[in-house]
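Here is the structure we will look at.
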Amino acid sequence: MNESPDPLLDLLHLLDLEQIERDIFRGESRSALVPRVFGGQVAAQALVAAGRTVPADRGAHSLHSYFLRAGDPGAPIVYTVDRIRDGRSFTTRRVVAVQHGQPIFHLSASFQTYEEGMEHQAPMPAAPDPETLPTAAEMLPRYADRFSDPGVVDRLIEARQAVDLRYVDEPPFATVGEAREPRSQVWFRTNGKLADDPLLHVCLATYVSDMTLLDSVLLAHGRGGWAVGDVVGASLDHAMWFHRPFRADEWLLYDQESPSASGGRGLGQARIHTADGRLAITVIQEGVVRIPRG
């Protein structure tokens, strides 16, 4: 396994875009478990680009995005930001990510100055203490026989070196052939402390949010996932609402479920709570989920 001396620093470097014009940014790419750019990377980088054109006192409160084409991990990505609106309370930005002259991703994001208002939230679901759960490095080798490619376990562990992500129940690839309730929980936090920059924490949560959201679709049908090879698919769209402040370097509970799968698509929806019970984020994603043709 090719371990980085500081995986979190590598991830932060990946999200630290180069500004090449007033509203044009360039980001690096890196390969993922599949031969395309990881969707969470593109979404997080696009949000970084949008946020860098917004006053620092306006925090991101929502994003809506579409994955248009598979990204090439061997090429940089150029992000062009359109300043759609700068109002008294809200700021709106549109970002288009381009590779090889074609758009691969589109994001709209809204930012708001802080204000007091009505307060209520859905309660946090029950979940065990994350410190009692196995890490990826402890859990994944148990299921090495589930993967036809013996290198998958090392690549999965390497992909999660920067983020400590712990499954509450067994992941889809652990129970192939066994249909389960379409619900999944994971705890996550970065493997190291972060600066006190709210945009950075929002962008890192965006990055992680694409890792496991469609797991619940797989669970409903006893499928193991892309690494197992019993489904093929890709993210289609991704939306997030940021309700309350949080830190991505402190434990966050990602409570996920799938209300529907049809037409070769699966829908995942989730809530992310802080460890002390505050509802921080709502996430919804639809993806292509197909059974491979023999």
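The values are calculated or read from the model by the stated rules, or taken from the named source; none is laboratory data. Here the structure is a predicted model, which means the values were calculated and not measured. Quick reminder, even Gly has a Cβ in these numbers, built from the backbone with ideal geometry, and neighbours come from all protein chains shown. Just the protein is used for accessible areas: all its heavy atoms, side chains included, with ligands, DNA and RNA removed. Shrake-Rupley method; radii C 1.70, N 1.55, O 1.52, S 1.80 Å.
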Residue in the range 170-185 that is modelled with pLDDT under 95, polar (S, T, N, Q) and under 30 Å from Val232 (Cβ atoms) present: yes
Qualifying residue in the range 268-289 (condition: touching a helix residue (DSSP H, G or I) at 6+ places or on another chain (Cβ under 9 Å), open to solvent by less than 10 Å² (accessible area, probe 1.4 Å), modelled with pLDDT under 95 and among the β-branched types (Val, Ile, Thr)): no
Hits in the range 216-242 - residues which are within 16 Å of the chain's Cα centre (by Cα), open to solvent by less than 10 Å² (accessible area, probe 1.4 Å) and not aliphatic (A, V, I, L, M): Ser216, His238
Any pair with Cβ under 9 angstrom, 6 or more apart, that starts in the range 203-215 at a residue that is within 19 Å of Asp230 (Cβ to Cβ) and ends at one that is open to solvent by 10 Å² or more (accessible area, probe 1.4 Å) and among the β-branched types (Val, Ile, Thr): Leu213/Ile284; Leu214/Val289
Members of the range 165-193 that are touching a residue at least 60 places away in the same chain (Cβ under 8 Å) and in a loop (DSSP other than H, G, I, E, B): Pro182, Asn191, Gly192
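Conditions (1) over 17 Å from the mean Cα position of the chain (by Cα); (2) open to solvent by less than 10 Å² (accessible area, probe 1.4 Å); (3) at pLDDT below 95, marked per residue:
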residue	(1), (2), (3)
Arg22	yes, no, no
Arg26	yes, no, no
Phe38	no, no, yes
Gln41	no, yes, no
Arg52	yes, no, no
Matching entry among Leu267, Leu236 (being in contact with a Phe, Trp or Tyr (Cβ under 9 Å, 6 or more places away or on another chain) and either part of a strand (DSSP E or B) or under 23 Å from Thr113 (Cβ atoms) (or both)): Leu236
